[in-house]
Structures are given as C-alpha cells and as structure tokens.
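Contents: one structure, followed by commentary.
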Amino acid sequence: MSSSYKSITRQIAQSIRLIMTDIDGTLSEGGDSVISPVADAIVKLERKGILVGLVSGRTGPMLQKMAVQLNITGPLIAENGAIARINPSAPLLELGYSKLPANEALAKLYAAYPGRVSERWDNSERMVDIVFRAEGVPIEELRRLLPYVQVLDSHYIMHIMQKGINKGKTLLNILPLVANGAIVKDQVMVAGDSATDLSLFEIFPVSVLIRNRRIPPEESPMLKKVARYISDNEQGYGFAEVALHILGLLE
C-alpha cells in the first residue's frame, strides 16, 4: 500500500539518477503547458544531476516539444511504450512494434459502432498506438470485441495498440542505453497517475502515484496497492511537492 512521499528517505533520494514521469494527470491537467512549480522543480532536478524524462501516451513529437519547453535531458517514451528515444535529440529506437493490429481493430470498431467512434487528429503522427472515443460503449465491451489488442483508458482518451507493449517494459529495456549504461533500475524514480502507469509501478521500486481526481474511485485501490509512494496534492502540484522533497533531502 502506498505510503506518503514524505517517507522517501535521504538514502533513497541520494540514489535517484533518473526520474521518468507521465504527463497528463501527473505533470499537467492535460494541456500543453505545466504550472511554474513543475517547471522550476525540473530545472532544479536537472541541475542536481538527476535526469528527467517523459513516459506518456502522447505522440513522439508532442514529447519532444515538451522536452524543449522543460529543458529536460532524459529519455522520451511515447505512445504508452511503443516508441522511445534515449534522450530528446537521439534517433528513435527500433522496438519492433507495428500499427497494423491497431488499424485493424479501429476498422472493426467503426463497423460495430457506426456513428459512435471518433479518432483524434494526432493519429496521423502515431506510429503504433491509435487514440479514439467510443460514445456510450463500456471499455469491457470494447475489450471483448478486440481480444487480440490492448484497449487502454487513460481517462483522457482511449488507446488501442499491439499486445505486449507497456511503459515499464520499454523503460527497462532501454535503460542500459541511457547515460552510457550508468543507471540501474533501483536508481530510477517513476511517477504516474493511472492504470496506464501500472507497469512502471510494478517494475521500478521507487514509484510515486500522483493524485488525480479524474481517476475513478474504483481504480484508486489498485494503484495505491502497487505504487510505493503517493503525493498529497494533485497533478502538477503533486509532482512538484515530491520533487521538492527529494531536492530538500539532497541539500
């Protein structure tokens, strides 16, 4: 069960070399900018020698834009783990995933729910994952119809993608390439707010659940059971307070 972020000790803080954070519901409320406490905290973390990276359901170009905005130097993992770079200026890594399963699943959705399925504009930028809305269709029904793909709900948008992809697995796989292999799993802190971040919480011991009122009450117990720590505040304010706690322990 998650304990307060305040129980992160000096020893743990001193071990952290990389912070990988979700964006929507963790750094922001879902927009393209973050509040000044988040931006300030990230600058201070990077100055302390802690790399900050992004791991999100957003597209690669979206993550690169935010990386420039925040002056971060850590890895970028987009489309819920489907594509990755070891730093914002590095080339895309070849992870071996395909958009074909998602395209086929989307066509099946259009046929099954005429007039109720809509795509978002950024699907044209997506390499593997597809985002959509299906008005009035429960996610359990979608998963029964599409058992051969993943159907994810971030509570901002729905995602379809090939099975076997997740944020935690991709981060673990690319970690030996980050900082010339100088960072190991126990030196990574991960932060997220929803079920799309569970794989991060399961794999990386220093995991922080950022509170978000948009997450349904029935989902919260599962998240709290897996994440080691939890913020007091929500979204960007929650991330900032955790970052400032860690920075304070490094003084």
Of the residues in the range 1-34, those that are assigned to a helix (DSSP H, G or I), of a type outside the set (Gly, Ala, Ser) and surrounded by 15 or more Cβ atoms within 10 Å (Cβ to Cβ) number 2
Conditions (1) crowded, with 23+ Cβ neighbours inside 10 Å; (2) over 30 Å from Ser36 (Cβ atoms) -> Ile210 fails only (2)
Identify the single condition in (1) under 27 Å from Ile72 (Cα atoms); (2) in contact with a Phe, Trp or Tyr (Cβ under 7 Å, 6 or more places away or on another chain) that Gln162 does not satisfy, given that it satisfies every other one.
-> (1)
Among (1) closer than 30 Å to Ala134 by Cα; (2) of a type outside the set (Phe, Trp, Tyr); (3) more than 16 Å from the chain's Cα centre (by Cα), where does Glu202 come up short?
-> (3)
Tell me, please, whether a residue that is surrounded by 23 or more Cβ atoms within 10 Å (Cβ to Cβ), closer than 26 Å to Arg211 by Cβ and in the same structural domain as Gly192 (by TED's automatic domain parsing) can be found in the range 82-103.
-> no
Is it the case that some residue within the range 37-47 is of a type in the set (D, E, K, R) and touching a Leu at 6+ places or on another chain (Cβ under 6 Å)?
-> yes
Would you please name the residue that is surrounded by the most Cβ atoms within 10 Å (Cβ to Cβ), looking only at residues in the range 139-179 that are among the basic types (Lys, Arg) and more than 19 Å from the chain's Cα centre (by Cα)?
-> Arg143
Might you check whether a residue that is among the acidic types (Asp, Glu) and in contact with a Pro (Cβ under 9 Å, 6 or more places away or on another chain) occurs anywhere in the range 213-223?
-> no
Wholly within the range 85-199, helices (runs of 4 or more DSSP H) carrying at least 1 residues that are within 24 Å of Arg228 (Cβ to Cβ) | 167-174
Could you list, in sequence order, the residues of the range 200-251 that are closer than 18 Å to Ile42 by Cβ, β-branched (Val, Ile, Thr) and part of a loop (DSSP other than H, G, I, E, B)?
-> none
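The values are calculated or read from the model by the stated rules, or taken from the named source; none is laboratory data. Keep in mind that what you see is a predicted model, and the values were worked out from it rather than measured. When we count neighbours, we look across all protein chains shown, and the Cβ atoms used for this are built from the backbone with ideal geometry, even at glycine.
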